[in-house]
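Accompanying notes for the structure given below.
The values are calculated or read from the model by the stated rules, or taken from the named source; none is laboratory data. A quick note: this is a predicted structure, and the numbers were derived from the prediction, not measured. Because the Cβ atoms are built from the backbone with ideal geometry, glycine has one as well, and the counts that use them run over all protein chains shown.
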Amino acid sequence: MKKVELFTIGFTKKTAEAFFGKIENAGVKKVIDVRLNNVSQLAGFSKKNDLIYFLKEICECGYRHEPLLAPTKEILKSYKKKNISWAKYEKRFNVLLREREAHALVRRSELHRACLLCSEATPDNCHRRLVAEYFSHHFDNVEITHL
């Protein structure tokens, strides 16, 4: 079975030049936005309509928003307010992915050269990493690269 190259990226602490450069250099064909809110003023160049335009013009890349691959407001709020640890967040989010049958939301073929987008600067404590790992457990031969 053909290998699926799946990327992840966060926009925080990156200039637009660095962000779009990483996407273009990796050969990403589609960004799958896994943020719950993709229109926040804090998103800067990654605000939905601007992002769609920049991805098309700079990277010749498609865009899809998939909020069902994001945590619920409750899970996110609990973690940000330090009411739950990262380990607890991870456990609750993985249960949510299973309940939502996340593997049915995106076809395996759509993941090839796709990039999961979230805001966190690194994948360590970010749900995009958990989504990527979920897909790698549900689909054969998925290689994850964090940009």
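Points worth noting:
- A residue that is free of Cβ contacts under 8 Å to residues at least 12 places away in the same chain, assigned to a helix (DSSP H, G or I) and exposed (fewer than 15 other Cβ atoms within 10 Å of the Cβ) cannot be found anywhere in region 110-127.
- Residues of region 94-103 that are farther than 19 Å from K3 by Cα and either among the basic types (K, R) or outside any loop (DSSP other than H, G, I, E, B) (or both): N94, V95, L96, L97, R98, E99, R100, A102.
- Verdict on K13 being charged (D, E, K, R) and assigned to a loop (DSSP other than H, G, I, E, B): yes
- Test for T12: is it over 25 Å from S109 (Cα atoms) and within 16 Å of the chain's Cα centre (by Cα): yes
- Of all residues in region 22-37 being in a loop (DSSP other than H, G, I, E, B) and at pLDDT 95 or above, the one that is farthest from H112 (Cα to Cα): V34
- Scanning region 1-27 for residues that are among the hydrophobic types (A, V, I, L, M, F, W, C) and either exposed (fewer than 15 other Cβ atoms within 10 Å of the Cβ) or under 14 Å from L51 (Cα atoms) (or both) returns M1, I9, F11, A16, A18, F19, F20, I23.
- Taking region 15-71 as the range and being over 20 Å from H103 (Cα atoms), within 15 Å of the chain's Cα centre (by Cα) and of a type in the set (K, R) as the test, the residues that pass are K22, K47, K48.
- Any hit, region 63-82, residues being of a type in the set (F, W, Y), in contact (Cβ under 8 Å) with a residue 60 or more places away in the chain and within 24 Å of K22 (Cα to Cα): no
- Test result for S40, modelled with pLDDT under 95 and either exposed (fewer than 15 other Cβ atoms within 10 Å of the Cβ) or aromatic (F, W, Y) (or both): yes
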